[in-house]
Amino acid sequence: MRQMVMSATYRQSSDASEEKRRIDPENRLLSRAPSFRLSAEMLRDGFLAASGLLDRQIGGPSVNPYEVTESFKPKNHDSGTGLYRRSVYTYWKRTGPPPAMMTLDASKRDVCRLRRERTSSPLQSFVLMNGPQFVEAARFLALNAITHCEGDGKDADSSSVIDHLFETLAQRKPSESEVDVVRKLFDAQMVRFEQDPASAEALLNVGVSKVKSNIPATRWAAWTVVASALMNFDHSVMRR
């Protein structure tokens, strides 16, 4: 496996010239790396890991994350670390997978499937931006970035937080144009939350994990929106 992933074939870019696409449209000659959206489990576990919430314990019984409450009523979700176990431990009914996982193309288990479908739909972004598990992850990802770059969240330049979020989610630094776009989003959210502090508090109360911080709620909430947006960024959800 190491020899495979270290090979020039595996490590090449997914970008391809028109000539390569003409000669090898289905990539049967492995003339370029494939590009596809990460699986439901990879996205959930990856964002939990990036936020620092993922429980890395190996083994144990099944657990019930937030989605189970809606899928298997009147079943309640777990509390504590059970919410943040790897997706392989999620309680799963044969004919009813958790809705968020199903939206991200996880398969039902009532029939055998050789390969999962890979789709791209607005509903998937809706889940990533509104599902309690992902909003909570964005909240802690923002907190970690602010704490790492700004301390109390008052003095440092916002570009350092943007750099940290990009490096955590996309494994690279942002371009100048990307920094400008993200900074405009942050500034707009700051204005929004300063005009409506209650909505900032509501956003920061999504999820059961609580943490005390001296960071102003409006600033933390604004960075949470930025983190959520970057979690939907192409480089965060696509394998290229």
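Taken together, the values in this text are just the output of simple stated rules run on the coordinates, not laboratory data. Everything numeric here is computed off the predicted structure, so don't read it as measured data. Heads up, the Cβs are rebuilt from the backbone with ideal geometry, glycines too, and the neighbour counts pull from every protein chain shown.
What the table below lists for this structure:
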item	result
In the stretch 30-126, GluC sites (Glu not before Pro) in a DSSP loop with at most 13 other beta-carbon atoms within 10 Å	GLU117
Check: the stretch 120-216 dipole with +1 on Lys, Arg Cβ and -1 on Asp, Glu Cβ, in debye	320 debye
Extension gain, GLU201 back to LYS173 (0.36 nm per residue minus Cα-Cα distance, nm)	7.1 nm
Cβ charges +1 (Lys, Arg) and -1 (Asp, Glu), total dipole of the chain, debye	1280 debye
Non-local Lys pairs in the chain, i.e. 8 or more apart or on different chains, that have alpha carbons under 24 Å apart	11
CD proxy at 222 nm, helix term only [per DSSP H run n ≥ 4: -39500 (n - 2.57); per residue of the chain; nearest 500]	-15000 deg cm²/dmol
Dipole axis of the chain (+1 Lys, Arg; -1 Asp, Glu on Cβ), positive-most option in LEU30, ASN144, MET42	LEU30
Label point distance in nm, ILE58-ARG94, each placed 7 Å from Cα along Cα→Cβ	3.0 nm
For the stretch 45-54, Karplus couplings with θ = phi - 60° (6.51, -1.76, 1.60), whole Hz, Gly/Pro x	5, x, 6, 5, 5, 4, 7, x, 8, 4
Overall form of the chain per C-alpha gyration tensor (a/c, 1.5; a/b vs b/c)	oblate
Net length gained if the chain between ARG2 and PHE126 were fully extended (0.36 nm per residue, minus Cα distance)	41.0 nm
Highest to lowest packing among 52-59, 91-98, 21-28, scored as the average C-beta count within 10 Å	91-98, 52-59, 21-28
